């Protein structure tokens, strides 16, 4: 499924540029992806679309932090209190895993992943198969959430999300 999501991300730079699911399914099939992978990816993308519907991400002047808000005036998005802390359920801890939860915390403390987006990332991570989630898979999820909201991550963040950390040499 994640190979399909990477293909979609690389070929449709914004969520609103992506074709309808039927047409996308045909294009993915023509690219040689397995029918089961396509079905899983389309279901996951449908859930992502629902989760990000009506969400607007606004970057602050510092370029690092952002705010998630509702697009329509009738909807209210409750902001996280500055001193609050996210407590993960045991199911989230098992499925997402310690390494990925640490990475989410890193992105959040860096101002890259506002609380509202963090919740979408967690919800979409919980919608994936397999226990625990691999860090590379989480990075794809974070990219896809940014992609769906229509805001490209900062270049340094994009590098962190796309870089293969296994090949890095520690100093």
(request) Going by C-beta contacts inside 10 Å, put 44, 147, 13 in order with the fewest on the left. (result) 13, 44, 147
(request) Mind checking the full-extension length gain between residue 127 and residue 14? Use 0.36 nm per residue of separation minus the Cα-Cα distance, one decimal, nm. (result) 38.5 nm
(request) Note down the nm distance, to one decimal, between modelled labels 7 Å out along Cα→Cβ at residue 158 and at residue 46. (result) 3.1
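FYI, it's all coordinate maths here, none of it is from the lab. Source: prediction; values computed, not measured. A quick note on method: Cβ atoms are made from the backbone with ideal geometry, for glycine too, and the neighbour counts reach across all protein chains shown.
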